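K.L.:
Here it is, the structure in full.
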Amino acid sequence: MKKTLKFTALVAVLALAFAACDDKPVKPTPGGNDGHNDPKERVIIYTVGQTENRQTLDTEGEWDTLLDVLCDQAQGGQRVTFYNMSQTTYLQTKGLRGSKAPKTFSTTDRDAMKAWMKEREKEGLTVVVTYNNGTWNGTAYATAPPADTSVDIIGTWHFICSVVSNVDPNGALAGSDLYVPEDGGGSMYYTFYDNGTVTLTFNGMDGTTATDSSTWTLSGDGKLYSELLPDGGGSWDVNWITDNTMIISRAALGTEEGDYFYQLQFERE
């Protein structure tokens, strides 16, 4: 059975952003009692060279320890990239939320590099770190370079989940909603073609299949647009895209209820 699908609705109770994802690595174990054990949950996706992984961290100490591990890998000659998938960690950081322009940093001081990495994570940016001839080099961005995205996006992506977070006009996190298609017994897939078309396929729990097709474009600054994406389409930052995973986000700022932040996760088929 074929019918047209118009994708709407982002509702459910948030247990944990991206709870459907696997967290395979063992958590780092921090030491000391200088505030490192203060609770601060993060879900960090990262690559070391060509290897992608993710970890759920519960404290500042675990985060600090993971940063040390990533710095060690960079110093050993690997290109390191990371992104915090958990929006609730950084959305309430006043004065930092919404930073978009790419940022760069170079230093010979490891501690200064770590401090810069921490600040960029607070802004919700994706961070790339390399090390060469005694100098740490960092680049942070809200949207992946379009040259990378335009190539990597081609193919079929399984829509895993969506998280919608609301920050009220006073800057407090009012709540987050998680939508997982599989919770309702169905599954959703986006197929992006190199001719600029995209198809959304929904497989229902009763064996029915619904499809819709449209176009997709990528702006000069790397923003993805298609009317088949939630919230009426709009332009989306491609925060993360690899051979395995794509994470995109967008914001609706200044509504009567405050600011809304949308984040979608996909896995490549």
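K.L.:
Between residue 174 and residue 193, with labels modelled 7 Å along Cα→Cβ, what's the label distance in nm to one decimal, could you check?
P.N.:
In this crude label model, residue 174 to residue 193 measures out at 4.1 nm.
K.L.:
Throw me the Rg/Rh for segment 112-269, computed over C-alpha atoms with Kirkwood Rh, two decimals.
P.N.:
1.01
K.L.:
Further, regarding this structure: I need the phi-derived Karplus couplings for segment 134-151: 6.51 cos²θ - 1.76 cosθ + 1.60, θ = phi - 60°, integer Hz, Gly and Pro marked x.
P.N.:
x, 10, 7, 10, x, 10, 10, 8, 8, 10, 4, x, x, 4, 6, 5, 4, 8
K.L.:
Is segment 168-251 best put as rounded, prolate or oblate by its Cα gyration tensor, with a ≥ b ≥ c the root eigenvalues, rounded for a/c under 1.5, and otherwise prolate when a/b is larger than b/c, oblate when not?
P.N.:
It is oblate, given that a/c is not under 1.5 and a/b is not larger than b/c.
K.L.:
Same structure again: Can you pull the percent of Cα pairs in segment 89-199 with separation above 24 Å?
P.N.:
50
K.L.:
Using per-residue counts of other Cβ atoms within 10 Å, averaged over each peptide, order 166-176, 229-239, 214-224 from highest down.
P.N.:
229-239, 214-224, 166-176
K.L.:
Follow-up question, since we're still on this one. Whole-Hz Karplus ³J(HN,Hα) for segment 114-122, in order, using 6.51 cos²θ - 1.76 cosθ + 1.60 and θ = phi - 60°, x for Gly and Pro?
P.N.:
Whole-Hz 3J(HN,Hα) from phi for segment 114-122: 4, 4, 5, 4, 5, 5, 5, 5, 5.
Read-outs throughout are calculated quantities, based only on the coordinates presented, and are distinct from any laboratory measurement. Nothing here was measured: the structure is a model prediction, and the numbers come from that model. We place every Cβ from the backbone using ideal geometry, glycine too, and count neighbours over all the protein chains shown.
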